[in-house]
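What follows is a set of notes on a single structure, which appears directly below.
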Amino acid sequence: MPKFVSVVLWIAVSLLGAFALATIAFHRGEQINALWLVVAAVSTYAVAYRFYSAFISAKVLALDPVRATPAERLENGRDFVPTNKWVVFGHHFAAIAGPGPLVGPVLAAQFGYLPGTLWIIAGAVLGGCVQDFVILLLSVRRDGKSLTEMAKTEIGRVGGMVAYVAVLSIVVILLAVVALIVVNALKSSPWGAFTIAMTMPIALLMGLYLRRIRPGKVLESSVLGFVLVIAAIFGGQWVSQTPSWAAVWTLTAPTLAILIVIYGFAASALPVWLLLAPRDYLSTFVKLGTIVLLAIGIVALRPSLHMPPLTRFADGNGPVFAGKIFPFAFITIACGAISGFHALISSGTTPKLIRRETETRMVGYGGMLAESLVAIMAMIAACSLQPGVYFAVNSPAGIVGAAPAAAATTISGWGFPVTDTQMAALAHAVGEQTLYNRTGGAPAFAVGMAEIFSDTLGGEAVMALWYHFAIMFEALFILTILDAGTRVGRFMLQDALGHIWKPLGRTSWYPSILFTSAVIVAAWGYFLWQGIKDPLGGINSLWPLFGICNQLLATVALCVASTIIVKMALAKTERVNTARPTVRLGYVFVTLLPLCWLVAVTFTASWHKVLDPNPRIGFLSHARQLVAAGANPRLIFNDRLDAGLTAMLVAMVSLILIESAVACLRIISGSKPAVTKEAPFVRTTLAEELG
Amino acid sequence: MMNRIKKVATVFRDTLREIFDESAYRRFLERSQLESSPNAYAIFQKENEQLKSRRPRCC
């Protein structure tokens, strides 16, 4: 393309993005069309990818197209395999995209569409994409080392230990939160409970099909599994309309919680091929298809956003969760903007597949942009609902009242009109007994998605099917995370316990498998139980806790990245490849900027969650309120436990920040040599092949 | 034009095969010089069990 045309084109894209952002930021009064959000996001992503990620590639990381990657040097046909960049992109995206970018924006929509949307866009291009890209490249240059290993070798032993504890904590809290979302989505819903229960025998059947009938034909078995899941959705409709069966499948929150805990234990202890692998395949298949379908639905329908840009709950008294926009919007939306968990994937499977360093830009930066777009779609799905409906679905009974009429009156009193008749009609349309107090974000997202889908395809007659398709899609996602997460936690625990007593570290020794699975399941099961017993819905305390853990992990990742960039800039070692440009110290701002922001956000949020005098926000003040009211000592202990966990994580991340800052200052002052632990340079033999 | 469409379709198919571990199984068969069979697939799954179990899934 001639340079002049390119310049004009990029100026046009930038202006379009700026205009769309200005429209969503300054528009007041009339509703705006959801496409403005899509245009603002896509234009910003395009400009950021074209210019900012190119700057990071060339100047900060100095990507080297002739340096062999571990996939090439260590190729073994198993985990190290040089793979086409688009294939790695798909693989990476499938691993990073979970329910987080769907649920977080739905919860944060209580502030209005503006804060969340701006954070998703800005957080992704300046923070999340940078983190994923930089960690991916740094791992590629270190033979695919994990984040915890890099923290240990590049910062110090404290860094490694903090990263380890942060990862284990986030896994436990994450599993509890996602399990709570499933419980809240399925309680008193015979249709949903039946459909999700059916996905288990379907996964087992897929496992047997793969193992015995058509070995290795995963796509084929996934299509078969998908057809069976669709049949289960229709079966669920029949169950919900048959009183005797409906009674069997109408489950309370505690019953569902117990069943999920039992399931989590079984999934962790069973062989991978039987349940985990086929469910993972089925979930990925449904996930990729549904995300594409949702994007098409939004573009085809172009829904209006009924939610105002800013609601009165910016003052911190929101019913979905308590706390002001700063810092709570920024920890509520994690995966769509920046997520520490992504750093685990960027330093896990993906770096072992990368063929050339230059491809990390598209996979790391581009993959996160795609994830961010999913979060924008979730925001649109939530904000296209009538605000009264949104708050009726997402508000806990402890805030709006358990009786439908009382809840409708309370919500209408906030200036978001909703009637009991309207809610009853909506519940009937989606095939549910009630949609009140369905906290957790998943049901609200499912209602929004069902409205978009049914308006695009099938009309109101099929709204119930779309709603349950959406619930099935989210629950399938989440149960996959429960399976995989419990196993990951189990392995981490086995690795650690192996240092104390060797047999416990043996991953194939059954007593160790059972013991460590039980410990991990008991840990997240405890928080899950705490969530369902919480009169404020559980999400109010657990989601911020999860957000804090996740963003603290991102803080660790950015800390590792900043330390390495400082070392790269000041390294005095002889450069083997002289074509690789030098890195300037000042360029550390690309990771330092999001790091400072995350420190401000997470430390402020942690302070509020531990010490805020408002009992709806601060764990300790809530505990004091419970003590004064003579409440169950268990509830008081839970609050103190949450406060202790938050304080411990903050203290540990403070240690890694101090250790990293001291190391950087010593390197800058010259009292410590700047030595990076990169694998030695080897010239690629794939350069000619790849062009 | 047709060539380009073919190329896109090939990459799309390869992506799905990689995501769904079909390529990993094919590589395993090549490496071990085995024919696809229930037994071979069982060995492949056993070999990959730890790898797959340790693979995190994001939230």
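What follows draws every value from the coordinates through simple rules; no lab data is involved. Given the structure is predicted, the values throughout are model-derived calculations rather than measurements. Neighbour counts are summed over all protein chains in view; Cβ atoms, including those assigned to glycine, are modelled from backbone coordinates with ideal geometry.
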With only alpha-carbon pairs counted, each pair once and no self-pairs, how large is the Kirkwood hydrodynamic radius of segment A:28-183 in angstroms? 18.8 Å
So what J values fall out for segment A:368-382 if you push phi through Karplus, 6.51 cos²θ - 1.76 cosθ + 1.60 with θ = phi - 60°, rounded to Hz, Gly and Pro as x? 6, 4, 5, 5, 5, 5, 4, 5, 4, 5, 5, 4, 5, 4, 6
Most exposed first, judged by fewest Cβ atoms within 10 angstrom, A:His428, A:His342, A:His91 run A:His428, A:His91, A:His342
Estimated 222 nm signal from helices in chain A, with DSSP H stretches of n ≥ 4 weighted -39500 (n - 2.57), rounded to 500: -22000 deg cm²/dmol
When A:Trp543, A:Trp249, A:Trp607 are ranked with the fewest other C-beta atoms within 10 Å first, the list becomes A:Trp607, A:Trp249, A:Trp543
Determine the relative contact order of segment A:156-286: mean sequence separation of Cα pairs under 8 Å and six or more apart, normalised by residue count, in whole percent. 37 percent
Test item: Cα-centred dipole of the protein assembly as shown, Lys/Arg +1 and Asp/Glu -1 on Cβ, debye: 1780 debye
Projecting each Cα onto the charge dipole of the protein assembly as shown (Lys/Arg +1, Asp/Glu -1 at the beta carbon, about the Cα centre), which of A:Gly367, A:Ala300, A:Ser541 comes out farthest on the positive side? A:Gly367
Between A:Ala522 and A:Val627, Cβ-based FRET efficiency (R0 30 Å, step 0.05) works out to 0.70
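Fewest Cβ neighbours within 10 Å first, please rank A:Tyr52, A:Tyr45, A:Tyr510 accordingly.
On the way: A:Tyr52 16, A:Tyr45 23, A:Tyr510 9.
Fewest to most other Cβ atoms nearby, the residues stand as A:Tyr510, A:Tyr52, A:Tyr45.
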Row for segment A:535-691, column shape: gyration tensor on C-alpha, a ≥ b ≥ c, rounded if a/c < 1.5 i.e. under 1.5, prolate if a/b over b/c, else oblate; value prolate
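Mind pulling the per residue volume of the convex hull built on the Cα atoms of segment A:1-111? Å³ is fine.
Numbers: hull volume 19.6 nm³, N = 111.
Roughly 176 Å³ of hull volume per residue.
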In segment A:576-637, what trypsin sites (Lys or Arg not before Pro) fall in a loop by DSSP, with at most 14 other Cβ atoms inside 10 Å? A:Arg584
Pop out the ³J(HN,Hα) list for segment A:347-359 in order, Karplus 6.51 cos²θ - 1.76 cosθ + 1.60 with θ = phi - 60°, rounded to Hz; leave Gly and Pro as x. 10, x, 6, 4, x, 7, 10, 5, 7, 9, 3, 4, 7
Under 1.5 on a/c is rounded, so check that first for chain B, then, if it is not, pick prolate when a/b is larger than b/c and oblate when it is not; a ≥ b ≥ c are the square roots of the alpha carbon gyration tensor eigenvalues. oblate
Over what distance in Å are the Cα centres of segment A:1-49 and segment A:655-685 separated? 39 Å
Calculate I(q)/I(0) for the protein assembly as shown by the Debye formula, one identical point scatterer on each C-alpha and no solvent, and give its log10 at q = 0.08 Å⁻¹ to two decimals. -0.62
Taking the alpha-carbon centre of each part, the distance from segment A:508-566 to segment A:395-455 in Å is 30 Å
What is the Cα coordinate range of segment A:390-497 on the first, second and third principal axes, sorted by size from largest, in whole angstrom? 56, 36, 21
Could you give me the ³J(HN,Hα) list for segment A:411-416, computed from phi with Karplus coefficients 6.51, -1.76, 1.60 and θ = phi - 60°, whole Hz, x at Gly and Pro? 5, 4, x, 7, x, 10
If one computes the Cα centroid of segment A:90-163 and of segment A:209-238, what distance in Å separates the two points? 33 Å
Using modelled amide H (1.01 Å from N, peptide plane; none on Pro or chain starts), what sits under 5 Å from the amide H of A:Thr83, excluding residues fewer than 5 places away? A:Arg355
Residues with amide H under 5 Å from that of A:Ile32, placed H, sequence gap 5 or more: A:Leu305
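Can you give the relative contact order of chain A as a percent, counting alpha carbon pairs under 8 Å and 6+ residues apart? Present the calculation step by step, with values, prior to reporting the outcome.
Values: 1149 pairs, mean separation 170.5, N = 691.
Normalised by residue count, the contact order of chain A is 25 percent.
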Over all pairs of distinct alpha carbons, what does the Kirkwood formula give as the hydrodynamic radius of segment A:527-576, in Å? 13.9 Å
Check A:Ala68: other-chain or 5+ apart residues with amide H under 5 Å from its amide H, H built from backbone geometry? A:Val682, A:Arg683, A:Thr684
Mind ranking A:644-652, A:120-128 by how tightly packed they are, going by the mean number of other C-beta atoms within 10 angstrom, highest first? A:120-128, A:644-652
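Once you order the gyration tensor axes a ≥ b ≥ c over the Cα atoms, which shape class does segment A:229-333 get: rounded for a/c under 1.5, otherwise prolate or oblate by comparing a/b with b/c?
Working: a/c = 1.63, a/b = 1.50, b/c = 1.09.
Taking the square roots of the gyration eigenvalues as a ≥ b ≥ c, segment A:229-333 is prolate.
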